[in-house]
Amino acid sequence: MSAVPALSVVVPVFNERDNIDPLLDEIGAALRGRIDFEVIYVDDASSDDTLAVLQAARARHPELRVLRHARQSGQSTAVYSGVRAARGAWIATLDGDGQNDPADIPRLLAARADAAPAIKLFAGWRTTRRDSFSKRISSKIANGVRARLLRDATPDTGCGLKLFERAMFLELPYFDHMHRFLPALVRRHGHVCQSVPVAHRPRTRGVSKYGMWNRLWVGISDLRGVAWLMRRTRLTPAQEL
């Protein structure tokens, strides 16, 4: 592993012990020989043996780094912890449940190579969802409400597979659930987002941590807050004379 990898893959997890080894194998297969990378797993105070599985996995995956929260703090905080610890200039994020395909990371990297410098976020777009009916419906409603209020020009903000510039991310306002609004926050900061079609797979191991309630209704106050930020933002170029 390079002392300063070009890419850091950040994976937040909570009670995902059965998905760790298969996903790490897929990340390695997708990236080894393509780019210098590291993988940062952030264990959000799991109550199963996720941490023990991660520690054992380091023997087979030299790129792996492991962080653990002292208390459960949620997905956004786990992503934020991972990005802060990352050494790569660019970050790829993946959900830890195995539904994102690491083979799509090179697709995001290829989109970045062809993109204008102003594009700082490449967001995965799950054109074919492999979720339960209730999860698809709640996501569709939430995406519709979000798009109407924020006008973030992004068809799928909930996809965990994203590629973004680390320095840009760390300049964004941090708050719980911010990962749900990343395209809007990036656009608020004066940058551009690009959606890239990616695969989506059914969950085959473990149990989903999200349902209708926390996908749809819990984010209403956050949505109002982000809309307020969008209205109050004033970006003006300044020239030194």
- line: Of the residues in the range 8-66 that are of a type in the set (Lys, Arg) and free of Cβ contacts under 8 Å to residues at least 12 places away in the same chain, the one that is nearest to Ser81 (Cα to Cα) is Arg58
- prompt: How about the range 150-169: which of its residues are modelled with pLDDT of 95 or more and either within 14 Å of Thr77 (Cβ to Cβ) or acidic (Asp, Glu) (or both)?
  reply: Glu165, Phe169
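Please tell me if Ile105 is part of a loop (DSSP other than H, G, I, E, B) and aliphatic (A, V, I, L, M).
Working: part of a loop (DSSP other than H, G, I, E, B): no; aliphatic (A, V, I, L, M): yes.
It is false that Ile105 is part of a loop (DSSP other than H, G, I, E, B) and aliphatic (A, V, I, L, M).
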query: Do you know which residues across the range 11-45 are aliphatic (A, V, I, L, M), within 19 Å of Arg203 (Cα to Cα) and buried (at least 23 other Cβ atoms within 10 Å of the Cβ)?
result: Val11, Val13, Ile20, Leu23, Leu24
- request: Within the range 67-76, identify whether any single residue is closer than 22 Å to Asp18 by Cα and buried (at least 21 other Cβ atoms within 10 Å of the Cβ), and answer yes or no.
  value: yes
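Does the range 128-144 contain at least one residue that is at pLDDT 80 or above and either out of contact with any strand residue (DSSP E or B) (no Cβ under 6 Å at 6 or more places or on another chain) or exposed (fewer than 13 other Cβ atoms within 10 Å of the Cβ) (or both)?
Restricting attention to the range 128-144, the residues satisfying the condition of being at pLDDT 80 or above are none.
Scanning the range 128-144, I find no residue that is at pLDDT 80 or above and either out of contact with any strand residue (DSSP E or B) (no Cβ under 6 Å at 6 or more places or on another chain) or exposed (fewer than 13 other Cβ atoms within 10 Å of the Cβ) (or both), so the answer is no.
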- prompt: Quick one: would you say Ile105 is buried (at least 21 other Cβ atoms within 10 Å of the Cβ) and either at pLDDT below 95 or closer than 22 Å to Arg34 by Cβ (or both)?
  reply: yes
message: Going residue by residue through the range 108-117, is there one that turns out to be of a type in the set (Gly, Ala, Ser), at pLDDT below 95 and exposed (fewer than 14 other Cβ atoms within 10 Å of the Cβ)?
response: no
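Answer yes or no as to whether Leu229 is modelled with pLDDT under 75 and in contact with a helix residue (DSSP H, G or I) (Cβ under 8 Å, 6 or more places away or on another chain). Quick ask: steps written out before the conclusion?
Numbers: modelled with pLDDT under 75: yes; in contact with a helix residue (DSSP H, G or I) (Cβ under 8 Å, 6 or more places away or on another chain): yes.
Criteria met by Leu229.
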- prompt: What number of residues in the range 25-55 are over 16 Å from the mean Cα position of the chain (by Cα) and in a helix (DSSP H, G or I)?
  reply: 12
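The values are calculated or read from the model by the stated rules, or taken from the named source; none is laboratory data. This structure is a prediction, so every number in the text was calculated from the model and none was measured. Glycine gets a Cβ as well: all are built from the backbone with ideal geometry, and neighbour counts include every protein chain shown.
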